[in-house]
Amino acid sequence: MVAELPPYYFRVRDNGAFVFRVDTENRQRRIEMDQIAVVNIRNGEIKPHGGRELTREDIAAIEQWMEERTRLLAYRDIDDIHRAVDYLNITTQWAQSKATDEQLEAVTDDLLLAMHDLRTMLVRKKADRLINS
């Protein structure tokens, strides 16, 4: 049984995607992908490609993809932060139990500056939240 391909393919890029219409209904039964639009997630812009007119179905599929992609990126952002917390804990354990003096000398200043910067910003943001609540 052959799996059916989706009607659209989204080639992800930094701030959105190139949108292709997928076509297998041709004489050679080859997969053809025709670029129909460029999407910018940051500003919500959908630009038809090459003077094309997008159908309601095209726009609905693109908007659905944009919503799903935005949710996925938001999830990934917070997941990355949770991983960073784990990594800080792993780094602490490494520094305490495994690191040599030379290794610690190589990373201590960079770590201290990064942690100081993070702590300063977190304290400022927490104070702002407390003041505004």
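Between residue 110 and residue 126, with labels modelled 7 Å along Cα→Cβ, what's the label distance in nm to one decimal, could you check?
Those two pseudo-labels are separated by 2.7 nm.
Rounded, prolate or oblate for the chain? Axes are the square roots of the Cα gyration tensor eigenvalues, ordered a ≥ b ≥ c, and the cut-off for rounded is a/c under 1.5.
Prolate, because a/c is 1.5 or more and a/b exceeds b/c.
For residue 41, which sequence-distant residues (separation of 5 or more, or a different chain) have an amide H within less than 5 Å of its own amide H, given hydrogens modelled in the peptide plane?
Here the answer is 16, 17, since their amide H atoms fall under 5 Å of that of residue 41.
For the chain, what does the helix formula give at 222 nm: sum of -39500 (n - 2.57) over DSSP H segments with n ≥ 4, over the residue count, nearest 500 deg cm²/dmol?
Helix-only estimate at 222 nm: -20500 deg cm²/dmol.
Sort 33-46, 88-101, 120-133 for me by packing, meaning the mean count of neighbouring Cβ atoms within 10 Å per residue, highest on top.
Highest-to-lowest ranking by the protection proxy: 33-46, 88-101, 120-133.
Counting other Cβ atoms within 10 Å, keep those with at most 15, restrict to DSSP loop, and tell me which GluC sites (Glu not before Pro) in region 55-133 are left.
In loop regions of region 55-133 (DSSP not H, G, I, E or B), there are no sparsely surrounded GluC sites (Glu not before Pro).
Using the count of nearby Cβ atoms within 10 Å as a rough guide to exposure, how do 66, 115 rank from fewest to most?
Exposure proxy ranking, most exposed first: 115, 66.
Restricting to Cα pairs below 8 Å that are 6+ residues apart, what does the relative contact order work out to for region 8-98? Please round to a whole percent.
So the answer I get is 16 percent.
Read-outs throughout are calculated quantities, based only on the coordinates presented, and are distinct from any laboratory measurement. Computed from a predicted structure; not experimentally measured. As a convention, Cβ positions derive from the backbone with ideal geometry for all residues, glycine included, and neighbour counts pool all protein chains shown.
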